[in-house]
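Beneath this line is the structure, given in structure tokens, with notes to follow.
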Number of protein chains: 2
Amino acid sequence: MPLHGDISGGSRLDTWWDTYSVRAEHLRESEVRSLFAVVARPEVVSLAGGMPNIKDLPLEALAESTAQVMREHGTQALQYGAGRGWDPLREKICEVMALEQIDGDYENVVITTGSQQAVDLLSQIFINPGDVVLVEAPSYLGSLGIFANNLADIRHVAMDQDGLLPDALEAAIKQARSEGKAVKFVYTIPNFHNPAGVTQTMERRRAIVDLCERERVLIVEDNPYGLLGFDGQTRPALQSLNPDGVVYLGSFSKMFAPGYRVGWALAPHAVRDKLVLANESAVLSPSMMAQMTIHAYLRDFDWWGQVKQYRGMYKARRDAMLESLEEYMPSCSWTVPQGGFYTWVTLPKGLDAKEMLPRAVAGLVAYVSGTAFFADGQGRDHLRLSYCFPPPEEIREGVRRLARVVNREKALIDMFHSSDDEA
Amino acid sequence: MPLHGDISGGSRLDTWWDTYSVRAEHLRESEVRSLFAVVARPEVVSLAGGMPNIKDLPLEALAESTAQVMREHGTQALQYGAGRGWDPLREKICEVMALEQIDGDYENVVITTGSQQAVDLLSQIFINPGDVVLVEAPSYLGSLGIFANNLADIRHVAMDQDGLLPDALEAAIKQARSEGKAVKFVYTIPNFHNPAGVTQTMERRRAIVDLCERERVLIVEDNPYGLLGFDGQTRPALQSLNPDGVVYLGSFSKMFAPGYRVGWALAPHAVRDKLVLANESAVLSPSMMAQMTIHAYLRDFDWWGQVKQYRGMYKARRDAMLESLEEYMPSCSWTVPQGGFYTWVTLPKGLDAKEMLPRAVAGLVAYVSGTAFFADGQGRDHLRLSYCFPPPEEIREGVRRLARVVNREKALIDMFHSSDDEA
């Protein structure tokens, strides 16, 4: 199946157009990426991106800490390391995970180049073309892209305010198996879901873990936001309920900063072995400099105090967003996130988030259409709003602008329907 | 095809043993990795590893430079970046590549997490299971692992003292095509080959590029060692001879240091587009901190002086190795590298590098068996010796120890053959 240059801008000037792999056909510019250019314009309020607000990090102290790593351990930090990651950081990561009641052995931690890479490595070691991967409806677009590149049969499973629905999950497993399909894993984001903004209750967690254990389906638990709960609580990880049945993915991108690209997977021993081999194949070893600097951060800084500062800061932004939604967009509904970066908005009947986006951008506000979070074209009636990066006053202005667009669209549709009624 | 726990240490205690992908079966611990534990013993002289010697880097100045990046640009360095890489570094990379007569547009540079990752991304976008990838005989083991994971049909093409043989390459292309196979690319290391230690002449480069252009086969030019020529010269890249027919891979690991994991690909525009999408899928974006620090190194340091220092240091080590081989191992032959890290040794007839290795380690010296550099079991009559990491006196001691083992094996074989003659 040759590519007819659709990725290379519609031209056939690509010498190699007929040599790409089937996987290359599945590489698509994400809906978020195509927004980048727009969002960079300073006059646009972006409620689209997922960039954490790291402006308050203590740069001067971090500079000194980084310099110290280089000065005292430079020949180690500048050298190749082990494919599994640096042991002292693996140990520190176990201390972090203990906050979520995980009793992890550092030997089962694999350091990756961001937790995105852990999703990629997992996909490589589990997915054959056509295998089923179960994901929430909606799910994180970056992981959906990875699953698609790995030629998975991606199936969405319904959620409610308490997260993934066990009954729907069970039905999806049984449906896939009745078709003779292998179900390789269920990918879930239990805390402060991206994009849905909901969090699994304890009861729900137990039901999902029990079901998957009974049905023998691996759980991939992606948890970049777990420490950012606005109630100051951390919730037990699914991994803590069944260590042999869950691969847990963590990240420093949101609890510290994304710029080092350091994440990790905690996996059952045999899965861990394969992840290490896949990691070595992909990048030889994760950056020692990055690992040692993050280790120094966890050792020498009040990183827990920083997490608390983030919680307060993001909570204030969440409040600004929910208050403005309440005030300006009463025709919509939305989820009430207890942490993390996002709320998931349901548009009034008849509105189309994807079609509306250019008009929103013309109105100087950006969001991500719900369609970005589905592998199957669903989501036009939804959009994701993020409150992580812009300050509260900008969030309010952004929602005000969005409301103008939504209200105008709604008025047009109402008018159309009422003229229908008259006809 | 289920895995029977062979990777998980021969046990069937892996809950997920029957759920892995076909690709996971192709993940094997490399022969180099299984040496790591051995090589770590201080009493063993390792002529096995490919770690650059970075002990002479100016750590104090690098500490100050790193601190300055954090202090002055911390909120950018700690944030997500673009999947293609940071533009100022992409521009600097074009200046570096100009030394090899590459006239590159920074827009066609993709920053990767080490150049290893560039090989991985290229494999993803080109290789369907069963597609042919042509590699030198021998070839870099890390890339062989990647091609195997991507289920390529790996075929070795003969080389001589001047590198890859065009006639053999042409025959391999025609053979594969006569079998109805797609030849996706030829992967070559033109300078100071790992592990063969040879370098393509200009005539050879032209012949290879012309052949591939005529036959319409993409060239992947892997060039981590290009600046480390002992004659002080840089050679024109294959890319400079046909920019549309070559993907060029570069790395900072050998000309500076591996610890940041920063490499790059320079690719024809349409291939570049796909590499960026694959990179975003794999890691979202390469580390901004790493990119900005390397950019500062190229901007503020005498990096060219550092390259010259490396050349002199590695040349002295190469000399120590060749002199000791001459003195202690006259029964072997070897290539004479004009740069880089490795020489490729041919053992006396009847000796087996793979079987001899445990006895060499017992004799307190380590090397890599030639078999590691072939996808098809060849290479038992060869071994790779590296002179990059140990100082000259250790290299001499290592070769002396290795000679004892080789001479003993040879004496045994000679004795066996002479008793054959008597019988």
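The values are calculated or read from the model by the stated rules, or taken from the named source; none is laboratory data. Since the structure is predicted, the reported quantities are computational estimates derived from the model, not experimental observations. A quick note on method: Cβ atoms are made from the backbone with ideal geometry, for glycine too, and the neighbour counts reach across all protein chains shown. Accessible surface is based on the protein model in full, side chains and every heavy atom, while ligands, DNA and RNA are left aside. Shrake-Rupley method; radii C 1.70, N 1.55, O 1.52, S 1.80 Å.
State the percent of C-alpha pairs, over all pairs in the protein assembly as shown, separated by a distance greater than 55 angstrom.
Distances greater than 55 Å cover 12 percent of the Cα pairs.
Could you list the square roots of 5 times each eigenvalue of the Cα gyration tensor of chain B, that is, the equivalent ellipsoid semi-axes, sorted largest first and rounded to whole Å?
Working from the Cα gyration tensor, I get semi-axes of 35, 27, 23 Å.
Report, to two decimal places, the Cα Rg of segment B:59-300 normalised by 2.2 N^0.38 Å (N = number of residues).
Dividing the Cα radius of gyration by 2.2 N^0.38 Å gives 1.02.
Calculate the mean, over all residues of peptide A:176-187, of how many other protein chain Cβ atoms lie within 10 angstrom of the residue's Cβ.
What the average comes to for A:176-187 is 1.
May I have the count of lysine pairs in chain A with C-alpha atoms under 26 Å apart, counting pairs 8 or more residues apart or located on different chains?
Counting lysine pairs in chain A gives 14.
What number comes out for accessible area per residue over segment B:59-300 if the probe is 1.4 Å? Units Å², please. Please report the intermediate quantities before stating the final value.
Numbers: 6660 Å² over 242 residues.
Averaged over the residues of segment B:59-300, the accessible area is 28 Å².
Suppose every Lys and Arg Cβ carries +1 and every Asp and Glu Cβ carries -1, with no other charges. What dipole size does the protein assembly as shown come out with about its Cα centre, to the nearest 20 debye? Each step should come with its number before you reach the end.
Details: 84 positive and 110 negative charges, 91 e Å.
It works out to roughly 440 debye.
What is the calculated FRET efficiency for A:E43 to B:Q309, with r their C-beta to C-beta distance and R₀ = 51 Å, to the nearest 0.05?
The formula returns an efficiency of 0.50 here.
Taking chain A as a Gaussian network, Cα atoms linked when under 10 Å apart, which of A:A137, A:A152, A:A168 shows the biggest mean-square fluctuation?
A:A168
At a threshold of 8 angstrom on Cα-Cα distance, excluding pairs fewer than six apart, so keeping six or more, what relative contact order does chain B reach in percent?
21
At the nearest 100 Å², what buried accessible area, both sides summed, do you get for B and A when the probe is 1.4 Å?
Adding both sides of the contact gives about 7400 Å².
When Cβ neighbours within 10 Å are restricted to other protein chains, what is their mean count per residue of peptide B:75-84?
Counting Cβ atoms of other protein chains within 10 Å of each residue's Cβ and averaging gives 6.
Given an 8 Å cut-off on Cα distances and at least 6 residues of separation, report the relative contact order of segment A:59-300 as a percent.
Answer for segment A:59-300 is 29 percent.
Shortest first and in nm with one decimal, please list how far the A:D300 label point sits from its counterparts in the other copies (point 7 Å along Cα→Cβ).
Once sorted, the set of distances for A:D300 reads 1.7 nm.
Enter the mean number of other protein chain beta carbons within 10 Å of the beta carbon of each residue in B:251-261, as an integer.
Per residue, the number of nearby Cβ atoms from other chains is 5 on average.
Between A:D160 and B:E107, what FRET efficiency follows from the Cβ-Cβ distance if R0 is 60 Å, with the result rounded to 0.05?
0.85
Can you name the chain A residue with its Cβ nearest the rotation axis from A to B, and give the distance in Å as a whole number?
Spelled out, residue of A and its Cβ distance from the axis onto B: A:A67, 2.
What is the dipole size for segment A:198-339, taken about its Cα centre, with +1 at each Lys and Arg Cβ and -1 at each Asp and Glu Cβ, in debye to the nearest 20?
The calculation lands at about 180 debye.
Keeping every protein chain in place, order B:E136, B:E215 by accessible area at 1.4 Å, biggest value first, i.e. largest first. If you can, show how the numbers build up before the last one.
Numbers: B:E136 0, B:E215 35 Å².
From most accessible down to least: B:E215, B:E136.
Kindly provide the helix-only [θ] at 222 nm of the protein assembly as shown, computed as the sum of -39,500 (n - 2.57) over DSSP H runs of four or more divided by all residues, to the nearest 500 deg cm²/dmol? Could the numbers behind the result be given before it?
Numbers: 28 runs with 374 residues, N = 846.
About -14000 deg cm²/dmol.
For segment B:59-300, what % of the accessible area comes from carbon and sulfur atoms, probe 1.4 Å? Provide the component values of the computation, followed by the final result.
Numbers: 3110 of 6660 Å².
Summing carbon and sulfur atoms, their accessible area is 47 percent of the total for segment B:59-300.
Quick check: net charge around A:Y187, other residues with Cβ under 14 Å of its Cβ, Lys/Arg +1 and Asp/Glu -1?
On the way: positive: A:R155, A:K184; negative: A:D120, A:D131, A:E136, A:D153, A:E221, A:D222.
Neighbour charge sum, excluding A:Y187 itself: -4.
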